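First the structure, which I've put down as structure tokens, then a few questions once you've had a look.
Every number here is computed from the coordinates shown, using simple stated rules; none is lab data. Every value quoted in this text rests on a predicted model; they were computed, and no experiment measured them. So basically every Cβ, Gly included, is an ideal-geometry build from the backbone, and we count neighbours across all protein chains shown.
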Amino acid sequence: MPTFAFLSVCAVPFLWVFLRAICTLIFDKNYFGADPGMELVTFFGQVAIVFLFMTLSFSHLGRPLKTLRVPRMRRILGLSVFFYATLHFASYLIFLAGFEFEKYYYDLVTKNRIILGSFAYFFLFLLAATSIDSVARNLGIAWVYLHRSVYLIAGLVVFHVFLSAKENFSFSVFLFCGCLALLGVRLSKAWRRSKLRTPIFKA
Amino acid sequence: MPKKLSRNTHENEVTDESVYLSRRSLLKGFGGSILGYHSPLLYSDKSSSTGNEFGSELHQMLFQKIKSRLKEDAIKLAESTPFNYASSYNNFYEFGSGKSDPKKNAKKFITDPWEVSVQGECDGAGTYHLEDLVRPHLLEERIYRLRCVEAWSMVIPWVGLPLLSLLKRFKPRSNAKYVKFETLYDPIQMPGQKSLFSAIEYPYVEALRMDEATNELSFLALGMYGKILPNQNGAPIRLVVPWKYGFKSIKSIVKIEFVEERPVTTWMKSNPREYGFYSNVNPSVDHPRWSQATERRLPSSIFSPNIRPTEMFNGYGDEVAYLYRGMDLKKFY
Ligand code: HEM
């Protein structure tokens, strides 16, 4: 799949919102329901987490599909996570906090789910900032360790969603199970690889 | 002894004459065809049809009563949240946890026949048909702000009767300190009640202190926007207490009980740290998840978030502040 096509696919959720915003302007009609602010926060949050899970599962998918250029596509996916998380955060700032940073600060010190989300976002920012080839080359092995924090991010976000749920926890439970499954696959691979390596070390 | 009022009496026995006569003129007005199918005029929107194939007696009576309500003035009415938002965006967890689920899942909800059981410390205990509860009352319109604990708000013109005027008829005794309300429990009609990962227990329970319940603002709604209450908004009868967060305004009430001890309400039970008994709108007491200092007045648009400061007691302090004099509202949230 050519990179550009892949990028376009990743942009679909954004374009969907963009299109509705344009229509809102042109037809002077509301395409976002009664509470557009919350609608956007929720939508971008959910898209971000879906992309996050796709990123995590991509490496496992990638191996059988030799034709895919896994590293590049994984990077596009990862940057999409950052992109949608940024939109999620921006919608929160604009629509829920009314663009008052004081209010964000207040939420940050009083609400656990906002702390967790912000931590996750901070790490996402680090990963996005270090995703350029030259930076990655400079960082060497540190880059690998840094980018393993994607699992930490997943954990933080699942917790963030769990604390956001009010009455129904099915989405959080679903995400939690997804997280466990991915982590399980990752660890069992690592374990198998380490078993393979042992005799070599001995020799 | 619970009094069970029979439904099978002759209709001119149970219907007072003015209602009866006006119903006849209504029938004439629609060319008598109204009984054959449900007329769209009877219902506030398509989703409120009852599943009964004809406009039932209860609905005709409500329709008449709502039509002849004491009306609010048109200028004030024009400032309320448009009907299509108020009826398509709300919480009614019995019908699902998304904001648009109630409208979707309550379409076939049966609200007639509807009985309300009155119990506890009162002389008028019994099971009543909704018709009989409503019949003696003249309905009135009240435009109230509705503030949800999730920090959004709307302005809704309800039609109904003061809670006090109904409670009086049951002759509560002096040891009745609280009034407890319960929503219908019917997992077949209410899919949310059997949801696997739900944090709340059904039936939904709410309660007010007696002096809160008899405050002039406490209201029972049977309609909104001059129409019969849509199913998703708590048909056929719901509570409205505008100085408290929306979840206190319990929907689709089937039980009213006068009790001495303070009842444990649904949200208190599910999360006592986050939800107290009083749940008065209070910008200075935060919910652990939502700052309560501001609210989003809906509908807002993506080009104007419409955020405004939240007022103490949702702006109804003049009417209700006396109820909480001397209480530490940070402790009794
Ligand atoms: C920058 C810091 C962040 C802030 C301030 C923030 C804020 C919020 C808020 C206020 C909500 C709750 C909406 C509600 O009340 O229902 C929410 C939900 C959510 N957030 Fe965040 N968030 C942040 C970071 C993130 C990140 C990094 C992700 C994912 C990669 C994420 C994914 C989600 C998801 C999936 C939901 C749940 C949506 C739902 O209810 O289904 N958030 N966030």
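Can you tell which of A:49, A:26, A:132 shows the greatest fluctuation in a Gaussian network model of chain A with Cα springs below 10 Å?
The residue that fluctuates most here is A:26.
Let me spell out the model: positive unit charges on the Cβ of Lys and Arg, negative unit charges on the Cβ of Asp and Glu, origin at the Cα centre of the stretch B:247-287. What dipole size does that give, in debye rounded to 20?
Charge dipole of the stretch B:247-287: 160 debye, to the nearest 20.
Which of A:14, A:123, A:101 ends up with the largest GNM mean-square fluctuation for chain A, with Cα atoms connected below 10 Å?
The residue with the greatest mean-square fluctuation here is A:101.
Restricting things to alpha carbons, find the Rg to Rh ratio for the protein assembly as shown using the Kirkwood radius for Rh.
1.06
Rank these for me by crowding, A:17, B:285, B:118, going from fewest to most other beta carbons within 10 Å.
Lowest count first: B:285, A:17, B:118.
Determine the percent antiparallel among the DSSP beta bridges restricted to the protein assembly as shown, to the nearest 5.
DSSP beta bridges in the protein assembly as shown are roughly 80 percent antiparallel.
How would you rank B:173, A:137, going from fewest to most other Cβ atoms within 10 Å of each one's own Cβ?
The order, fewest Cβ neighbours first, is A:137, B:173.
Looking only at Cα atoms, what is the convex hull volume of the stretch A:14-108 per residue, in Å³?
Here the figure is 118 Å³ per residue.
Related question: Summing Lys, Arg as +1 and Asp, Glu as -1, what charge do residues with Cβ under 13 Å from the Cβ of residue A:131 carry, residue A:131 excluded?
+3
Students often get this wrong, so check it: of A:29/B:71; B:99/B:255; B:177/B:255, which have C-alpha atoms separated by over 20 Å?
A:29/B:71; B:99/B:255
So, R0 is 56 Å and r is the distance between the beta-carbons of residue B:135 and residue A:119; what FRET efficiency does that work out to, to 0.05?
0.40
Just the Kirkwood number for chain A, please: inverse of mean 1/r across all distinct Cα pairs, in Å, one decimal.
Result for chain A stands at 18.9 Å.
Principal axis lengths of the stretch B:14-324 from Cα atoms, whole Å, largest first?
57, 53, 43
Within the set of other residues whose C-beta is less than 15 Å from the C-beta of residue B:155, count the net charge using Lys and Arg as +1 and Asp and Glu as -1.
Result for the local shell: 0.
Moving on to the next point. How big is the Rg/Rh ratio for the stretch B:154-216, C-alpha atoms only, Rh by Kirkwood, two decimals?
1.08
Let me confirm one metric for peptide B:98-107, namely the mean number of other chain beta-carbon atoms within 10 Å of its residues' beta-carbons.
1
What is the distance, in nm, between label points placed 7 Å from the Cα along the Cα-to-Cβ direction at residue B:186 and at residue B:74?
In this crude label model, residue B:186 to residue B:74 measures out at 3.8 nm.
If each residue's Cβ is checked for other Cβ atoms within 10 Å, how do B:190, B:327, B:61, A:54 rank with the fewest at the top?
Listing B:190, B:327, B:61, A:54 from fewest to most nearby Cβ atoms yields B:327, A:54, B:61, B:190.
What number, in percent, do you get for the relative contact order of chain A if the mean sequence gap of Cα pairs under 8 Å and at least 6 apart is divided by its residue count?
18
Further, regarding this structure: If you average the sequence gap of Cα pairs under 8 Å that are 6 or more apart and divide by the length of the stretch B:14-324, what percent do you get for the contact order?
19 percent.
Here's a follow-up. Using only alpha carbon pairs under 8 Å that are at least six residues apart, calculate the relative contact order of the stretch B:67-185 and give it in whole percent.
26
Looking at chain A, do any whole DSSP H helices span at least 18 angstrom along their long axis by alpha carbon and average 0.0 or above on Kyte-Doolittle, and which?
Helices meeting the criterion: A:3-27, A:36-62, A:70-91, A:112-129, A:149-164, A:170-202.
Can you give the average number of partner chain beta-carbon atoms within 10 Å of each beta-carbon in peptide B:288-297, as a whole number?
4
May I pose another question? Could you tally the net charge around residue B:275, taking each other residue with its Cβ under 12 Å from the Cβ of residue B:275, Lys/Arg +1 and Asp/Glu -1?
After counting each charged neighbour, the total is +3.
Given the peptides B:223-235, B:79-91, arrange them by the average over their residues of other C-beta atoms within 10 Å, most packed first.
Answer by packing, highest mean first, reads B:223-235, B:79-91.
Apply the Debye scattering formula to the stretch B:137-264, with a single equal point scatterer on each alpha-carbon and no solvent, then give log10 I(q)/I(0) at q = 0.12 Å⁻¹.
-0.46
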